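Asks: Before I ask anything, let me first share the structure, which is written out below as structure tokens.
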Amino acid sequence: MSTQSIGEKFSAPVPQALGAREFMIERLILRDNTRELLRENGREEEMEIELLALTECGCGMDVYDPTKCKCRAREGYFLLAQFYYDTEQYDKAWKWYLKIRNADLRALYQLGTMCFEGVAPKEYTPEDAYDMMVEISTKGKDPHCFVVPYAEFHIGKAYFQGYGVGHSEEKAERWWLLAASGDGHEPVVEAQTALAFFYSRKSAFVYNLSKAWHWHNQAARRGSLESLGAVGAMNLFGVGTSKNLNQAVECLRQASERGNIYAMGLLVYAYYTRKLFTKATDLAKRVSVLDNIDELSRISCCLPQYIRKGIAISTFILGRCLELGYGIKKDPSQSVLMYKKCFQYDPDACQLLQDYLTHEKI
Ligand SMILES: [Zn+2]
């Protein structure tokens with residue numbers, strides 16, 4: 001097995017991940033600092049009363065019409081709805097967002113996201129979510145309306161997953177390109193990362209590693225931790241770009257420092273292949289004791305299956321070093337335990353490394 005093929009397997013994939021609903025909803029929902037305020041002060045009731053007072057309109061209407069309101073009440077409605085959303089009182093949040101859905105695209109966006117997320121009242125469906133996002137994209141030509149490219153991203157995702165609308169890769173690509181380029185707004189980093197993974201699928205007709213390389217770089221520059229790790233991986237194996245070990249180690253190191261476990265696994269691998277065994281085993285030991293995948297995923301916003309791969313690669317290399325006494329004292333029984341742990345975390349990565357080892361004698 002060549003480095004090229006192991007490289008493609010380690011740097012390119014993710015497609016199934018895009019189908020996972022947990023992918024990024026948490027990151028794309030609008031949040032204010034309600035939760036932090038509550039953690040600091042703990043005065044939930046008082047806060048609710050203050051926010052309710054903010055919703056009182058001074059514009060002298062008989063029946064409140066948010067499209068005609070010129071005072072701060074409309075913002076009060078939004079803040080109160082946010083408060084209910086953040087404290088997981090979804091029925092109330094829904095009710096207050098709904099009152100201003102025609103006057104505030106942020107409220108409409110939150111309603112759509114709640115439908116996608118499955119916390120809307122049960123008569124609402126993913127189809128409604130799709131319709132709301134489309135409504136935002138047609139209404140929001142105002143460059144200050146920052147939710148527009150986010151709505152475009154969600155529409156792309158709906159097409160990709162066939163969630164709320166029929167599956168279409170062409171339409172997913174088209175909407176993601178809009179969101180990733182910003183379409184007159186700030187580009188959405190998540191759309192850039194999604195596009196990079198979209199082009200990385202070998203089985204797909206859109207397979208194009210130079211496009212994947214382009215979008216991962218864009219997203220990494222804008223702070224995407226996943227894309228930063230991917231750029232490191234592509235540099236490491238020479239996938240979609242020419243091989244550049246120094247660049248690879250630099251990207252993987254930065255991504256590792258920011259908590260990307262997959263990047264840590266690849267960094268262990270990079271150290272090992274450069275015969276920096278002490279560095280490899282030091283880092284591998286730290287990664288091999290990690291086990292709370294869901295919590296790690298929440299903190300780092302990285303996909304769980306990639307965290308598993310990172311741990312798998314680290315334990316495999318650690319097992320190899322323990323077997324051969326590279327950079328660490330030889331310990332055959334510990335070594336076997338590490339191989340087992342690797343298999344347990346990610347059988348595919350384990351198989352891949354095993355084959356690679358047999359053929360290339362690493
Ligand atoms: Zn008013």
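Asks: I'd like the residue in the range 161-173 that is more than 20 Å from the chain's Cα centre (by Cα) and outside any loop (DSSP other than H, G, I, E, B) and, out of all such residues, is surrounded by the fewest Cβ atoms within 10 Å (Cβ to Cβ).
Replies: Among residues in the range 161-173 that are more than 20 Å from the chain's Cα centre (by Cα) and outside any loop (DSSP other than H, G, I, E, B), the one surrounded by the fewest Cβ atoms within 10 Å (Cβ to Cβ) is E170.
Asks: Filter the range 283-299 down to the residues that are assigned to a helix (DSSP H, G or I), out of contact with any helix residue (DSSP H, G or I) (no Cβ under 9 Å at 6 or more places or on another chain) and either without any contact (Cβ under 8 Å) to a residue 40 or more places away in the chain or not aliphatic (A, V, I, L, M) (or both) and list them by number.
Replies: E295
Asks: Take the residues in the range 97-112 that are in a helix (DSSP H, G or I) and touching a residue at least 24 places away in the same chain (Cβ under 8 Å); name whichever of them is nearest to H167 (Cα to Cα).
Replies: Checked the range 97-112; the qualifying residue nearest to H167 (Cα to Cα) is G112.
Asks: Follow-up. Looking at A248, is it under 14 Å from C302 (Cα atoms) and in contact with a Leu (Cβ under 7 Å, 6 or more places away or on another chain)?
Replies: Answer is no for this residue.
Asks: Also: Hey, among S333, S314, S256, which residue is in a helix (DSSP H, G or I) and surrounded by fewer than 20 Cβ atoms within 10 Å (Cβ to Cβ)?
Replies: It is S333.
Asks: Working carefully through the options A194, A158, A212, find the one that is in a helix (DSSP H, G or I), more than 14 Å from A230 (Cβ to Cβ) and small (G, A, S).
Replies: A158
Asks: Among (1) part of a helix (DSSP H, G or I); (2) within 22 Å of the chain's Cα centre (by Cα); (3) touching a residue at least 24 places away in the same chain (Cβ under 8 Å), where does C302 come up short?
Replies: Among (1) part of a helix (DSSP H, G or I); (2) within 22 Å of the chain's Cα centre (by Cα); (3) touching a residue at least 24 places away in the same chain (Cβ under 8 Å), the lone unmet condition for C302 is (1).
Asks: Is there a residue being under 25 Å from E152 (Cα atoms), at pLDDT below 90, of a type in the set (D, E) and not in a helix (DSSP H, G or I) anywhere in the range 31-53?
Replies: yes
Asks: Also: Give the range 66-96 a look and list any residue that's closer than 23 Å to V134 by Cβ, assigned to a helix (DSSP H, G or I) and within 14 Å of the ligand (Cβ to nearest atom), or say none.
Replies: F78
Asks: Considering only residues that are in contact with a Ser or Thr (Cβ under 9 Å, 6 or more places away or on another chain) and among the β-branched types (V, I, T), which ones fall in the range 120-171?
Replies: Once the filter is applied, which keeps residues that are in contact with a Ser or Thr (Cβ under 9 Å, 6 or more places away or on another chain) and among the β-branched types (V, I, T), the range 120-171 yields V148, I155.
Asks: Taking the options C57, C115, name whichever one is at negative phi and assigned to a loop (DSSP other than H, G, I, E, B).
Replies: Residue meeting the stated conditions: C57.
Asks: For the range 137-146, does any single residue satisfy the condition of being at pLDDT below 90 and either in contact with a strand residue (DSSP E or B) (Cβ under 9 Å, 6 or more places away or on another chain) or buried (at least 22 other Cβ atoms within 10 Å of the Cβ) (or both)?
Replies: yes
Asks: What number goes with the only condition from (1) within 16 Å of the ligand (Cβ to nearest atom); (2) under 37 Å from the mean Cα position of the chain (by Cα) that V63 does not pass?
Replies: Against the list (1) within 16 Å of the ligand (Cβ to nearest atom); (2) under 37 Å from the mean Cα position of the chain (by Cα), V63 comes up short only on (2).
The values are calculated or read from the model by the stated rules, or taken from the named source; none is laboratory data. This is a predicted model, so every value here is computed, not measured. Neighbour counts are summed over all protein chains in view; Cβ atoms, including those assigned to glycine, are modelled from backbone coordinates with ideal geometry.
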